[in-house]
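Colleague: Questions regarding the structure given below will be posed in turn.
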Amino acid sequence: MNTESDGFFGQDIARTYDRDHGGNDPALIRQTTKVLAELAGEGSILEFAIGTGRIALPLAATGRTVKGIELSRAMIRELRKKEGVPPLEVQIGDMMKVRVPGAFSLVYLIFNTIDNLTTQDAQVACFENAARHLTRGGRFVVETQVPPLQRLPVGETKLAFSATDTHFGVEEIDVVTQAHVSHHVWMDGPACRTLSIPFRYAWPAELDLMARIAGLVLEERWSDWNRTPFDRYSAGHVSVWRKT
């Protein structure tokens, strides 16, 4: 699908990412950037897996200093098509290891991207790298899903999450390893595209332990960017950890 070590996010996916994956709801983007700007205060901001700049670009438009890390060159090319002047500083590489010069009051990783790291060790390394970039009192924000096991019948391994005229989506879940694969089929007239992406889900409590290993403590947890209280019915969460 690609020849540039872009993982699962090569040119074919990057070109349609905002439409098919990232979402481009203006109200949601405005609310997300508003909350992130408030959490950052007056400090600089770093986005792990900056992607096409769906959030970073409007955040930078508020006057904030925003930098990013991104593994996929194809995604960065899409970002460059949308941005103005001056361009955002983006380091190409792995968010578990890449170090961006500077100190940041906020590091964030959104839209289930923590699940793209498919081992517990990799997810811990991501938390540790976030902590290395943060000033004292700085915050690491993760938005991700709550594992959908309450919706999975006993003994079943597959769960449909999308069924529209243009898209089918099925999650394949292994409750022993916490591995899951998102299978997608997009229909466009007589043509169709398929994609299967591996993930690893983690419970909120497990993420809190990862944060503690990295020297971070939980400050807030909401169901969404509207700061809806997190409860047993929440399908996702926005979690905020502070560097102690």
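The values are calculated or read from the model by the stated rules, or taken from the named source; none is laboratory data. Please read all numbers here as calculations on a predicted model, not as lab measurements. All Cβ positions, even for glycine, are placed from backbone atoms using ideal geometry, and neighbour counts span all protein chains on display. Note: accessible area is taken over every heavy atom of the protein model, side chains too, but ligands, DNA and RNA are not part of it. Shrake-Rupley method; radii C 1.70, N 1.55, O 1.52, S 1.80 Å.
Colleague: If we sort 122-132, 10-20, 162-172 on the protection proxy, mean other Cβ atoms within 10 Å, highest first, what's the order?
Modeller: Top to bottom by mean Cβ count within 10 Å: 122-132, 10-20, 162-172.
Colleague: Sticking with this structure for a sec: Please report the antiparallel percentage of the DSSP beta bridges confined to the chain, to the nearest 5.
Modeller: The antiparallel proportion sits near 70 percent.
Colleague: If you don't mind, another one. Report, ordered by chain and residue number, the lysines lying within cross-link reach of Lys67, taken as a straight Cα distance under 29 Å and ignoring same-chain residues fewer than 8 apart.
Modeller: Lys34, Lys81, Lys82, Lys97, Lys243
Colleague: Residue separation times 0.36 nm, minus the C-alpha to C-alpha distance between Thr164 and Ala61: what's the value?
Modeller: 33.7 nm
Colleague: Mean-square fluctuation check for the chain, GNM, Cα pairs under 10 Å: which of Ser72, Ser223, Ser182 is largest?
Modeller: Ser182
Colleague: Suppose every Lys and Arg Cβ carries +1 and every Asp and Glu Cβ carries -1, with no other charges. What dipole size does region 1-136 come out with about its Cα centre, to the nearest 20 debye?
Modeller: Approximately 380 debye in magnitude.
Colleague: Rg/Rh for region 43-141 to two decimals, with Rh computed the Kirkwood way over all alpha-carbon pairs.
Modeller: We get a ratio of 0.94 for region 43-141.
Colleague: Could I ask something else about it? When Rg is the radius of gyration of the Cα atoms in region 50-108 and Rh is its Kirkwood radius, what does Rg/Rh come to?
Modeller: Checking Rg against Rh, the ratio lands at 0.93.
Colleague: From the mean inverse distance of alpha carbon pairs (Kirkwood) and the Cα radius of gyration, derive Rg over Rh for region 1-94.
Modeller: Reported Rg/Rh (Cα atoms, Kirkwood Rh): 0.96.
Colleague: Explain nothing, just the number: relative contact order of the chain, from Cα pairs under 8 Å at least 6 residues apart, as a whole percent.
Modeller: Worked out over the chain, it gives 16 percent.
Colleague: While we're here: Placing unit charges on C-beta atoms (Lys and Arg positive, Asp and Glu negative, everything else neutral), compute the dipole magnitude of the chain about its Cα centre in debye, rounded to 20.
Modeller: Dipole about the Cα centre, nearest 20: 720 debye.
Colleague: Taking the Cα centre of region 62-172 as origin and charging only Cβ (+1 Lys, Arg; -1 Asp, Glu), how large is the dipole, in debye to the nearest 20?
Modeller: Computed about the Cα centre, the dipole is about 620 debye.
Colleague: Who wins for biggest fluctuation among Leu59, Leu106, Leu159 in a Gaussian network model of the chain, springs between alpha carbons below 10 Å?
Modeller: Greatest mean-square fluctuation among the candidates belongs to Leu159.
Colleague: With a 1.4 Å probe and every protein chain left in place, tell me how much accessible area Arg80 has, in Å² to the nearest 10.
Modeller: Its accessible surface works out to 90 Å², give or take rounding.
Colleague: Hey, another quick one. Leaving ligands, DNA and RNA out of it, rank His183, His133 by accessible area with a 1.4 Å probe, largest first.
Modeller: His183, His133
Colleague: Restricting to DSSP H runs of at least four residues, report the calculated mean residue ellipticity at 222 nm for the chain, -39500 (n - 2.57) per run over all residues, nearest 500 deg cm²/dmol.
Modeller: When only DSSP H runs of four or more count, the value is -7000 deg cm²/dmol.
Colleague: Between Gly51, Gly93, Gly155, which gets the highest mean-square fluctuation from a Gaussian network model of the chain, Cα cutoff 10 Å?
Modeller: Sorting by GNM fluctuation, first place goes to Gly155.
Colleague: Calculate the tail of P(r) for region 13-65: the fraction of all Cα-Cα distances greater than 16 Å, expressed in %.
Modeller: For region 13-65, the share of Cα pairs beyond 16 Å comes to 41 percent.
Colleague: On to the next question. For a bin width of 5 Å, list the pair-distance distribution of the chain built from all Cα-Cα distances, rounded to whole %.
Modeller: All Cα pairs, binned at 5 Å, distribute as 1, 6, 13, 18, 20, 19, 13, 7, 3, 1, 0, 0 percent.
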